[in-house]
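The values are calculated or read from the model by the stated rules, or taken from the named source; none is laboratory data. Keep in mind it's a predicted model, so treat the numbers as computed, not measured. Here the Cβ positions follow ideal geometry from the backbone for every residue, glycine too, while neighbour counts run over all protein chains shown.
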Amino acid sequence: MRDEYDIIVIMTNGKYIEFKKRELHCHLCGALNLQPIKEICNKHGIEIPSGKELDDLLHIREPVGSMLEYFQPWSILKQLPRNKNCIEMMISSVLKDFKKDNIEYVELRYSPLTFIQAAGVDIDTALDWIAYSIQKHESYSGIRARLVLTMSRFNFDFDFAEKLLKSIVRSNMGGTIVGIDLVGDEGLPIPADASKLFRKAKEEYGLGLTVHAGETWNLENVRWAVDECGADRIGHGLAASSCEKMMDLLREKDVCVEVCLQSNYLTGNVKNLKKHPVIKFIEFGVPFVLCTDNPALQDFSLSDEYELFEKITGREDLLEHMISMQRKHSFE
């Protein structure tokens, strides 16, 4: 496996840092560097597993054996938002790092349930604190930041999801919350009516809809996201490359795939980056944008993704127009 990757290991030359960029698929906790994590852990007594170094625990630099292994860092990360100050520290740190990479706009993904459980607050309070923190620190950073709230396939709670949508309408200061997302193990079943809820979020509440689908090569999940839920974007969408009809559908409906090259390799879902599905997406005219997924976790910036894309495809011309695609498919 290592030999397949060696030919495209990159040494960033700074070329793509100069490009203005938008980040449309990035999880807040996965973008958080070690310094604020250490500060929060020390202040709130968050225990590190015995025999583990925090740096090793929170970084994935080689392919793992499963999605479950890839998500091990969240045993720590999900404990971080203990209060309003913690969430402010997290958002401030992430936006500062994005500024260094010349990112002008970001849609941060975050689970309100994680905050509710860690801080012991209700839905309204959690959304108020998150929205306030984003508004406050985007002005300091000079980056336009918006929030995409995530719901998990694991223990999907329809009643909680309904309450969340109502709370978004009440709490959404200045349009900070722009979308919702479905994440988690794609093999887990969710209620049949879930697609109606996502349709409602889009059609009645005006929220953008993106769904993690096809990351683990389940084509049916991509079809469900597009046909049943009316998704505007698909997170990862690897399975779509295995079906010409699906790629035609994505092109015809202008459903954008959020491509995360390095993440797909590190999760083990793409074994050889020279054969990444993005090559098929280009061939069939499928709309896509480059994203990082979890840049700090992977030590891989959006500029790195651009450089990796050039090495895989040779299509520097597409990178020159990437900001146009990102603007077109943003939820703002």
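Things worth noting here:
- Filtered residues of the range 311-328 (kept if free of Cβ contacts under 8 Å to residues at least 60 places away in the same chain and more than 17 Å from Pro287 (Cα to Cα)): Gly314
- Odd one out for Thr313, checked against (1) among the polar types (S, T, N, Q); (2) more than 20 Å from the chain's Cα centre (by Cα); (3) closer than 14 Å to Ser241 by Cα: (3)
- Considered as a group, the residues in the range 192-240 that are polar (S, T, N, Q) and within 14 Å of Val255 (Cβ to Cβ) include one that is nearest to the chain's Cα centre (by Cα), and that residue is Thr210.
- Residue within the range 172-184 that is more than 26 Å from Cys256 (Cβ to Cβ) and at pLDDT below 95 present: yes
- Test: residue in the range 102-112 that is closer than 16 Å to Ile180 by Cα, out of contact with any Lys or Arg (no Cβ under 7 Å at 6 or more places or on another chain) and part of a helix (DSSP H, G or I): yes
- Those helices (runs of 4 or more DSSP H) lying entirely in the range 135-230 with at least 1 residues over 30 Å from Gly268 (Cα atoms) and not hydrophobic (A, V, I, L, M, F, W, C): 158-171, 194-203
- Unique residue being under 22 Å from Gly314 (Cβ atoms) and at pLDDT 95 or above when the list is Ser195, Ser263: Ser263
- The range 119-173, subset out of contact with any helix residue (DSSP H, G or I) (no Cβ under 8 Å at 6 or more places or on another chain) and of a type outside the set (Val, Ile, Thr), residue nearest to Arg82 (Cα to Cα): Gly120
- Count of the range 65-77 residues which are outside any helix (DSSP H, G or I) and either in contact with a His (Cβ under 9 Å, 6 or more places away or on another chain) or among the aliphatic types (A, V, I, L, M) (or both): 1
- Of the residues screened, Ser75 is one that is surrounded by fewer than 18 Cβ atoms within 10 Å (Cβ to Cβ) and among the hydroxyl-bearing types (Ser, Thr, Tyr).
- Qualifying residue in the range 125-132 (condition: out of contact with any Ser or Thr (no Cβ under 7 Å at 6 or more places or on another chain) and either surrounded by fewer than 21 Cβ atoms within 10 Å (Cβ to Cβ) or at positive phi (or both)): yes
- Test: residue in the range 80-96 that is at pLDDT below 95, surrounded by fewer than 16 Cβ atoms within 10 Å (Cβ to Cβ) and not aromatic (Phe, Trp, Tyr): no
- Listed by position, the helices (runs of 4 or more DSSP H) enclosed by the range 1-64 that each have at least 1 residues that are at pLDDT 85 or above and surrounded by fewer than 16 Cβ atoms within 10 Å (Cβ to Cβ) are 34-44, 54-57.
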